[in-house]
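For reference, the structure discussed in these notes is given below.
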Amino acid sequence: MKETVRKTLIFSAIAILAGVCGCIAGVATGDVPPIAFGAVAIAGGVILAVMAGLATREGNR
């Protein structure tokens, strides 16, 4: 299970990074869709990271 959590954290970090890049590209070009898609990617990455962090806790098992 620890391997799965680690891979989920890596995927969430990639999603957050892609979202930040999308937001920066949207601001640089003045387009709204890249900003919106970037914000959704950031939110999804953060949610995944929180879930993976909760999965590693030992208290609720």
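Worth a mention:
- The apolar share of the surface of the chain, taken as the fraction of accessible area on carbon and sulfur atoms (1.4 Å probe, ligands and nucleic acids excluded), comes to 76 percent.
- Gain on full stretching of the segment that runs from residue 31 to residue 58 - 0.36 nm per residue minus C-alpha separation: 5.3 nm
- Calculated from the structure at hand, mean projected area of the Cα convex hull in nm² is found among (1) 4.0; (2) 4.4; (3) 5.8 as (1).
The values are calculated or read from the model by the stated rules, or taken from the named source; none is laboratory data. Computed from a prediction, not measured in an experiment: that's the story for all the values here. Protein only, heavy atoms only, side chains kept; ligands, DNA and RNA dropped before computing areas. Shrake-Rupley method; radii C 1.70, N 1.55, O 1.52, S 1.80 Å.
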